[in-house]
Amino acid sequence: MTATSRERILAKIRTSLGRNGEDETRRDTVAERLSAHHKGIIPKRGQLSGKDLIDLFCKMAEGVQASVARISSPDEVPAAVSDYLRSKNLSQQVRMGADARLAAMPWKDQPNLEVMQGRAEGSEEAGVSHAFAGIAETGTLVLTSGNDNPTTINFLPEHHIAVVNAADLSGDMEAVWAKVRGKYGEGTMPRTVNLVTGPSRSADIEQTLLLGAHGPRALHVIVVEEG
Amino acid sequence: MEIKSPTFKNNSAEALKDVNLQKALGKVRTGFIEKRAQAADALPEFEDLRDRARDIKDHVLDHLDLYLERYTEKVEAAGGHVHWAETAEDARNQIMEICRRLNARTVTKGKSMITEEIGLNEFFEQNGVTPVETDLGEYIIQLRGEHPSHIIAPAVHVTKDQVEEDFRRAHTQFDPKRNLDEPTTLLGEARAVLRQKYFDADVGITGANFLIAETGTSIIVTNEGNGDLTQTLPKAHIVVASIEKIVPTLEDVSQILRVLARSATGQDMSVYTTFSTGPKRDDDPDGPGEYHVILLDNGRSSMLGSDYQDMLRCIRCGACMNHCPVYHAVGGHAYGWVYPGPMGAVLTPSLIGVDQSGHLPNASTFCGRCEAVCPMRIPLPKMMRHWREREFERNLNSATARYGLGVWAYFAKRPSLYQFMTGLGMRTLGLLGRTKGRFKGLPLAGGWTKYRDLPAPEGKTFQQQWAERQKAKRKEAA
C-alpha cells in the first residue's frame, strides 16, 4: 500500500525534526498543553471589576467607532433599539434570531417596531443580536452562531445592534474561553465565534480609513447593567 | 504565478522610475510605522507578549506532527474534512475536485496569501471557474490584473486616481459621468458590486491566520467583514492553510492575537476575528453546508530543523516590510514573487530555491529594523546572511561579486595592510572631496552615486578613530 499524503507529510516533519511520532514524552507534553489551558500574560488594562470594567468596555468600544447605550434592565432594550433607529433615520424594523433573552423582552411595547425573525437575507437595514460576552480590554463583542443569533445578522444588515449583559463582560479574551468551555464542553466550539471590535472598515485606498466596507456600516452596543 | 525574482535588479530600477508607485509608497514610510509604535507603546506588556508568542510557536514547531494529528481529529469530529497537500499542485487539484463536485461556477475569496502561493486564481480561470476577490485591496488588483504588493495591504502601490480609472473601466453598469472623487464613494461602489457576488458564489475560499489544535478551529482576522460573508453564504467553505499555522489552545492564540493587529495596522484588535469549526449544524439557519481544510506543506516541512525554522513562526503581519528601507524604495512587486520585504527575502528562497531568488536576501541594508519590530522575534537579518552564505557556497553570485569579495578577503585577512590601505583611501577621498564635501560620481561606485551623492570622508577611518579614543581613555584613566 502506498503512503497517503498525510503520512508522507508527517514523516517529513518527523525526519526534519529528528523526532519519533511514538515518543511518549512528546505525546505527554502535547496532551498536557492541550488540557492545561495556560493563560500566559494577561494585560493589566482589563483587570478591573464592577463599574470600572463596564466603563472600560464602553470606552474601548467607542474608541473603535462603535456607539454605546447603557441601560439598567433588559426591559428597556426594545425602547433603546427603537431610539437608535429613530436617531439614524432608519425604518422601525429589525431582524433577529430566536435568542430566549431577546424573546423575553417587551417588544410589543414598541407598536411601531417590526421584529422579523430568522437569519438575515441581505436587504435589512438593522439586525439585533445578543452577545455571548464582551471583552473590556479591547471593547470587543463575542457572538456565537446558532438559531439564537444567526451569523448573517452580524454581517449583512447596514446597522448591527448588539445587546450585551454587563455581567457577561470580562477583562480579557482568555476569561471568555473558560466560559465557552463551560457552555459547549472541553475542546468543542460553536460553529462560529465572532469577535467583533467596532464596525466594518477598510484602509485599502491610500491608507485612508473608511467605515462600512462589507460588513455593517455602524455598530451599536447596548449594555444592560442590571442590579 | 510567474517568478520574476531573478530580475530583481531590473524590477527595482523600474520601480524607482515609477511615479505613481513612488507616490503611493510615500504613505507606507510614515503611516504604518507611527500606528504600530503608538499601539505597542500603549500596552506595557507588549514586549513580554512578543516573547510569549515566540515561545508558543517554537513549542508548536517542535511538536508539529502531533498537533497536526490532533487538529485533524477535531476538524473531523466537527464534521469537517482535512485534505493534506504536499505541493501547490496537490492543493489546486483538491480544491478543484470540491468545486467540480458542487458544480461551482463562481468562487468568492477572502484575502489569502497562500492562494497566491499556489496560483489558485489562474488555475480557476483555466478551468472555467470565476474567482472573485472580495477584500477591497485584492478586488482592486484583480481588476488591474496584478498580484498583491504587500501581504496585508495588497493594493498599497495603487493611488486613488488609479482606482477610479479601474472602477470606471470595470463597472460599466453605472453612469459614466458619476462622481468618484471621494475614496468613500469608491468603497461604496465596491461594496454594492461585491454584495451580490457573495450570494452568487457556490464556494467561498479563505486562508487562515491560525488553526487551533485543541478545537479543530480555523481563524481569520479581517477589518472589512468580507471573509465572513465569503465563508458564511456559499454551499461550501474551503480553508487553505499551511501546516505551520497551528497553535495549541484558544489561550495561546489569544496571546498571539495581541501582537498581530498591533504590529500590522496599529489596532489593538482587528475588527473581525472569526473562529470557525466545521460546517453548518442541525439548528443553524445559516453557514456553509460543507467545511474543508486544505493543509499545505509546499516545502515547509524541510525548513524544520534547518537554519530557516524560525521563519515558520511568521504570522504575516507585514511589520518587517512596513519598516524596511528597501521595501520603501522599490515596493513589493520588485521582489518578483508572492512574499515581499524581509520576510519574503527569507521565505522565498526556501520555497522556490535560492538559485531563483538569490537577489532577495541581498536586498537588505542589514539595518535590523525588521527584526526589531517582528512580533515573533524572527532573526530576519541572520537568516538573510545564511542565504548569502548558501549562495556563495553554491557559486551562484556574479563573477564581479565573487571577485570583489575575494579582493576584500585578501585585505581583511591582513589587518595591518587593510588598515594602511583604507587609511590611504580615506585620506585621498577626503582630500579630493574637500571643496564640495560630496561626490556626484566615483569609479566602481556608479550604482551608488546614480541615486545620491557620496559624502566625502572626513579623513580618518573608523578603526583609526576607535584607536585614538581608546588611547585617550587609557590616558584619562592613568
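The values are calculated or read from the model by the stated rules, or taken from the named source; none is laboratory data. Computed from a predicted structure; not experimentally measured. Note that we place each Cβ from the backbone using ideal geometry, even for glycine, and neighbour counts take in every protein chain shown. Only protein heavy atoms, including side chains, enter the accessible area calculation; ligands, DNA and RNA are left aside. Shrake-Rupley method; radii C 1.70, N 1.55, O 1.52, S 1.80 Å.
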Mean separation of Cα contacts under 8 Å, 6 or more apart, over the residue count of the stretch B:415-477: relative contact order %: 36
Counting DSSP beta bridges with both partners in the stretch A:118-227, what percentage is antiparallel, nearest 5? 40
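Which order do peptides B:106-116, A:84-94 fall in by mean Cβ count within 10 Å, highest first?
Those peptides, ordered most packed to least, come out B:106-116, A:84-94.
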Taking H placed 1.01 Å from N in the peptide plane, check which residues at least 5 places from B:HIS83 or on another chain put their amide H under 5 Å from its amide H. B:VAL293, B:ILE294, B:LEU295
Computed over chain B: longest principal axis from alpha-carbon atoms vs helix B:380-393 long axis, angle to nearest 10 degrees, is 70
Taking Cα atoms of chain A, Rg/Rh with Kirkwood Rh, to two decimals? 1.09
Other protein chain Cβ atoms within 10 Å, averaged over every residue that makes up A:40-53: 3
Using a probe radius of 1.4 Å on heavy atoms only, what accessible surface per residue do you get for the stretch B:415-477? Whole Å² is fine. 86
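If you take every DSSP beta bridge fully contained in the protein assembly as shown, what fraction is antiparallel? Give it as a percent rounded to 5.
Of all bridge pairs located within the protein assembly as shown, approximately 30 percent are antiparallel.
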Which residues of the stretch B:285-301 show a drop of at least 20 Å² in accessible area when all protein chains are present, compared with their chain alone (probe radius 1.4 Å, heavy atoms only, ligands and nucleic acids excluded)? B:PRO285, B:ASP286, B:ASP297, B:SER301
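What quantity of accessible surface, computed with a 1.4 Å probe and excluding non-protein components, is buried in total between chains B and A, in Å² to the nearest 100?
Details: alone 23620 and 13210 Å², together 29130 Å².
Looking at B and A, the buried total is near 7700 Å².
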Distance between the C-alpha centers of the stretch A:195-227 and the stretch B:28-51? Whole Å please. 22
Placing each pseudo-label 7 Å from Cα in the direction of the beta carbon, A:ALA11 and B:ASP58 end up separated by a distance in nanometres of 3.1
Amide H neighbours of B:ILE246 under 5 Å, counting only residues 5+ apart in sequence or on other chains, H built in-plane at 1.01 Å? B:LEU211
Using each residue's phi in the stretch B:49-62, evaluate 6.51 cos²θ - 1.76 cosθ + 1.60 at θ = phi - 60° and report the 3J(HN,Hα) Karplus result to the nearest Hz, with x for Gly and Pro. 5, 4, 4, 4, 4, 4, 5, 4, 5, 4, 4, 4, 4, 6
Relative to chain A, whose Cα atoms define the longest principal axis, helix A:5-17 and its Cα axis are tilted in degrees, nearest 10, by 70
Nitroxide proxy distance, nm - points 7 Å out along Cα→Cβ at A:LYS179 and A:GLU225: 1.7
Express the Stokes-Einstein translational diffusion coefficient of chain B in µm² s⁻¹, to the nearest whole number, given a Kirkwood radius over alpha-carbon pairs, 25 °C and a viscosity of 0.890 mPa s. 99
Per-residue HN-Hα couplings for the stretch A:114-130, Karplus 6.51 cos²θ - 1.76 cosθ + 1.60 at θ = phi - 60°, whole Hz, x for Gly and Pro? 9, 10, 9, 8, x, 5, 7, 10, x, 9, 6, 7, 9, x, 10, 10, 9
Work out the mean other chain Cβ neighbour count within 10 Å for the residues of B:160-169 and drop it here as an integer. 1
Treating the angle as unsigned and between 0 and 90°, give the value, to the nearest 10°, between the Cα long axis of helix A:173-184 and the longest Cα principal axis of chain A. 90
Along each of its three principal axes, how wide is the spread of alpha-carbon positions in the stretch B:48-298, in whole angstrom units, largest first? 59, 46, 37
Rounded to a whole number, what % of the accessible area of the stretch B:292-406 do carbon and sulfur atoms account for, probe 1.4 Å? 51
What is the extension gain from B:ASP453 to B:ASN395, computed as 0.36 nm multiplied by their sequence separation minus the C-alpha to C-alpha distance, in nm to one decimal? 17.6 nm
Any aspartates and glutamates with Cα under 17 Å of the B:LYS111 Cα? List them, leaving off those in the same chain fewer than 8 positions away. A:ASP204, B:GLU122, B:GLU133, B:ASP135, B:GLU138, B:GLU146, B:GLU224, B:ASP228
Using modelled backbone amide H atoms (1.01 Å from N, in-plane), which distant-in-sequence or interchain residues come within less than 5 Å of B:PHE439's amide H? B:LEU454, B:ALA456
How large is the Kirkwood hydrodynamic radius of the protein assembly as shown, counting all unique pairs of alpha carbons, in Å? 27.3
Straight-line reach only, C-alpha to C-alpha below 20 angstrom: list the lysines that B:LYS17 could link to, leaving out same-chain residues fewer than 8 apart. B:LYS4, B:LYS9, B:LYS27, B:LYS160, B:LYS440, B:LYS450
Excluding B:PHE392 itself, what net charge comes from residues whose Cβ is under 12 Å from its Cβ, given Lys and Arg +1 and Asp and Glu -1? +2
So for the pair B:GLN419, B:LYS177, with labels modelled 7 Å out along Cα→Cβ, what separation do we get in nm? 8.0
Fraction of beta bridges assigned by DSSP in the stretch A:44-224 that are antiparallel (%, nearest 5): 25
Please work out how much length the chain gains when fully extended from A:GLU62 to A:ARG27, using 0.36 nm per residue of separation minus the C-alpha to C-alpha distance, in nm with one decimal. 8.1 nm
How much of the accessible area of chain A, in percent, comes from carbon and sulfur atoms when a 1.4 Å probe is used? 50
For the stretch B:1-94, with every protein chain kept in place, what is the accessible area per residue (1.4 Å probe, Å²)? 47
Column: log10 I(q)/I(0), Debye, Cα scatterers of the stretch B:31-150, q = 0.11, 0.18, 0.21 Å⁻¹: -0.63, -1.10, -1.15
Mind listing the phi-derived Karplus ³J(HN,Hα) values for the stretch B:470-475, rounded to whole Hz, using 6.51, -1.76 and 1.60 with θ = phi - 60°, and x for any glycine or proline? 4, 5, 5, 4, 4, 4
Beyond 26 Å between alpha-carbons counts as too far, so tell me which of B:LYS109/B:LYS245; B:LYS382/B:LYS436; A:LYS44/B:LYS109 fall in that bin. B:LYS382/B:LYS436; A:LYS44/B:LYS109
Just tell me how shielded B:302-308 is by partners: mean number of partner chain Cβ atoms within 10 Å of each residue's Cβ, no decimals. 3
What whole number of Å gives the distance from the Cα centroid of the stretch B:171-185 to the Cα centroid of the stretch A:54-84? 36
Round to the nearest 0.05 the FRET efficiency obtained for B:GLU73 and B:ASP307 when R0 = 41 Å and r is the Cβ-Cβ distance. 0.80
